[in-house]
Amino acid sequence: MTATLSPNTAPTTAGARTRVAEPGLVRGLGLWSSIAIVVGTMIGTGIFLKPGEVAREAGSFEWAMLAWAIGGLLSLAGALGYAELGAAMPEAGADYVYLTRGFGPAWGFLYGWKNAVVTGPATLAALSSGIALFSSFFLPGLRDTVLQAGSFGITGGQLLAAAIILLVGAVNLLPVRTVGRTQVVLTGLKVASLLLVVAAGLLIGPAVGAPLQAAIPAAAAVTVPGLLAAAVASLWAYSGWHTLVRVGSEVADPGRTLPRAMIGGFMATAGLFMLLNLACFSILGFSGVAASSQPVADMLQWVLGSGVAGWLTVVMILCALGSLNASMLASGRVAYAMGRDGFLPGMGTIHEVRRVPSNAVGATASIGVLLVLTGSFEDLTSLFVFTQWTFLALGTVALFRLRRLEPDLPRPVRTWGYPVVPGLFIAVSLLLTASIFVARPVRSSIGVALVLSGLVVYHRRRAATRVRQ
């Protein structure tokens, strides 16, 4: 199918301003590329680390599986709402666009400021550092300091992480069709690898005498706080389902492709997560999973022996690399959307030949490299965990407001279960942010302050460019 160009102007609606006509981005992401972005972002490192925490919080095998199901259903509720928003407004920037049109430019800017300037690059830094950490299994010297200036030192792992960001950034400077095909390959490899992990636990394990029923205790008395904490832990593994809407301007036939990819990709990933948990429980039993910090690794070691560590390390590298590529693609589009509207000078340009926002991609990668080399990405990521879910809730509130403000807006799909399902997602998201604030009041407050500091930048840029609301 011949690629088409995204719309050059946004509809003139309440809270939105008409943009100057400009060459559009190419709609080169088909159904499989779009599914690969959803699945590739969701399958990161969380599924390798969270099963143990979920089990400990839940208290038994049955309640742990219920917690994973609840986390999946809550995330699906969010995905259903964002599928409507993304199909109705298939533009680069996602929440930046929805909040601008639903609440006003200042709200959209705060989301863009958070994502384009800090959390997007911090995610790249965290993922690339994870790849470097996994790689140190094969190259232990990566842990050593190679550059020293006083008390400041840089390890070989940090240099490798920076190089990985630059490499993935270079890939994302290619035409979006090429980036999409790269994502399909990376996602296909890690899904195939995880299916082999599932087969090892559910098929090979019982054949070699895995302690299935004997190691799984009877269901314990569930407590609401315990089940809630377990479900919250599972949500981190499910995160990433909304990545695709950030590249809405480049999804072909977005009214059909975007909702199908979001919901289909999410369902496939959620099913894979449930199977991976069953595989771990079938081999290690409940007590083994609850006591493990890396249940998937321990399960494979029990079934296939200690020599499996290298293979699992490769699987984890593939998972992180696929998430990194998808995150680079999405984060660059948020910066582009802000630049297009005059808030980030120079970020709104599109390469004349490759039809990608090259300046935005380059800037996002550069900030990610800086965070890797300074070692500050962990603090930044933890600070913005609180605000991430706040903005997901606000994005879903925008769904309600836009139903009222723009009733005639074409909506190829509508949220199933509206208003109950999206309303439930808003309530749970706010409950989650409240629990995070109670657990980490200082870091959450700092995160809010840093986001709100964007208002200073917003008003200065608005005055400088005379943005018309």
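The values are calculated or read from the model by the stated rules, or taken from the named source; none is laboratory data. Note that this is a predicted model, so its numbers are computed, not measured. So basically every Cβ, Gly included, is an ideal-geometry build from the backbone, and we count neighbours across all protein chains shown.
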Would you say GLU62 is acidic (Asp, Glu), in contact with a helix residue (DSSP H, G or I) (Cβ under 8 Å, 6 or more places away or on another chain), closer than 30 Å to MET299 by Cβ and at pLDDT below 90? no
Over region 222-241, the set of residues aromatic (Phe, Trp, Tyr) and part of a helix (DSSP H, G or I) is TRP236, TYR238
If you scan region 98-148, which residues turn out to be polar (S, T, N, Q), assigned to a helix (DSSP H, G or I) and more than 18 Å from the chain's Cα centre (by Cα)? THR100, SER135
Within region 242-274, track down each residue that is outside any helix (DSSP H, G or I) and surrounded by fewer than 24 Cβ atoms within 10 Å (Cβ to Cβ). ALA252, ASP253
Run down ALA463, ALA434, ALA449 and say which single residue is under 24 Å from the mean Cα position of the chain (by Cα), in a helix (DSSP H, G or I) and surrounded by fewer than 13 Cβ atoms within 10 Å (Cβ to Cβ). ALA449
Restricting attention to region 245-257, report how many residues are within 23 Å of MET338 (Cα to Cα) and either touching a Phe, Trp or Tyr at 6+ places or on another chain (Cβ under 9 Å) or among the small types (Gly, Ala, Ser) (or both). 5
Taking the criterion of being farther than 25 Å from GLN388 by Cα and of a type in the set (Val, Ile, Thr), would at least one residue in region 305-312 satisfy it? yes
Could you tell me which of the residues GLY153, GLY157 is part of a helix (DSSP H, G or I) and over 21 Å from the mean Cα position of the chain (by Cα)? GLY157
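Residue-wise test of (1) farther than 30 Å from SER249 by Cα; (2) surrounded by 17 or more Cβ atoms within 10 Å (Cβ to Cβ); (3) in contact with a helix residue (DSSP H, G or I) (Cβ under 8 Å, 6 or more places away or on another chain); (4) β-branched (Val, Ile, Thr).
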residue: PHE138; (1), (2), (3), (4): yes, no, yes, no
residue: ARG143; (1), (2), (3), (4): yes, no, yes, no
residue: GLN148; (1), (2), (3), (4): yes, no, no, no
residue: PHE152; (1), (2), (3), (4): yes, no, no, no
residue: GLN158; (1), (2), (3), (4): yes, yes, yes, no
residue: ALA161; (1), (2), (3), (4): no, yes, yes, no
residue: ILE165; (1), (2), (3), (4): no, yes, yes, yes
residue: GLY169; (1), (2), (3), (4): no, yes, yes, no
residue: LEU173; (1), (2), (3), (4): no, yes, yes, no
Report yes if some residue within region 285-293 is in a helix (DSSP H, G or I), touching a helix residue (DSSP H, G or I) at 6+ places or on another chain (Cβ under 9 Å) and closer than 15 Å to MET42 by Cβ; otherwise report no. no
Consider only pairs whose beta carbons are under 6 Å apart and that are at least six residues apart or on different chains; among these, list those whose first residue lies in region 332-347 and is crowded, with 24+ Cβ neighbours inside 10 Å and whose second residue is among the polar types (S, T, N, Q). GLY332/THR364; VAL334/ASN115; ALA335/THR364; MET347/ASN359
Would you pick out the residues in region 376-389 that are at pLDDT below 70 and either surrounded by fewer than 22 Cβ atoms within 10 Å (Cβ to Cβ) or among the polar types (S, T, N, Q) (or both)? SER376, GLU378, ASP379, LEU380, THR381, SER382, VAL385
Here is a list of conditions, (1) under 25 Å from the mean Cα position of the chain (by Cα); (2) assigned to a helix (DSSP H, G or I), and LEU344 meets all of them except one; can you say which number that is? (2)
Give the number of residues within region 413-431 that are of a type outside the set (Gly, Ala, Ser) and buried (at least 17 other Cβ atoms within 10 Å of the Cβ). 7
Determine whether region 301-313 contains at least one residue that is in contact with a Pro (Cβ under 8 Å, 6 or more places away or on another chain) and in contact (Cβ under 8 Å) with a residue 12 or more places away in the chain. no
Evaluation of VAL369 against (1) outside any helix (DSSP H, G or I); (2) within 27 Å of LEU166 (Cα to Cα) (one fails), failing number: (1)
Just to be sure, is THR433 modelled with pLDDT under 80 and of a type outside the set (A, V, I, L, M)? no
Would a scan of region 426-435 turn up a residue that is of a type outside the set (Gly, Ala, Ser) and closer than 30 Å to ALA252 by Cα? yes
Some residue of region 50-63 being β-branched (Val, Ile, Thr), more than 16 Å from LEU235 (Cβ to Cβ) and crowded, with 20+ Cβ neighbours inside 10 Å: no
Spot the failing condition for ALA261; the list is (1) within 25 Å of PRO412 (Cα to Cα); (2) modelled with pLDDT under 95; (3) among the aliphatic types (A, V, I, L, M); (4) under 19 Å from the mean Cα position of the chain (by Cα), and only one is missed. (2)
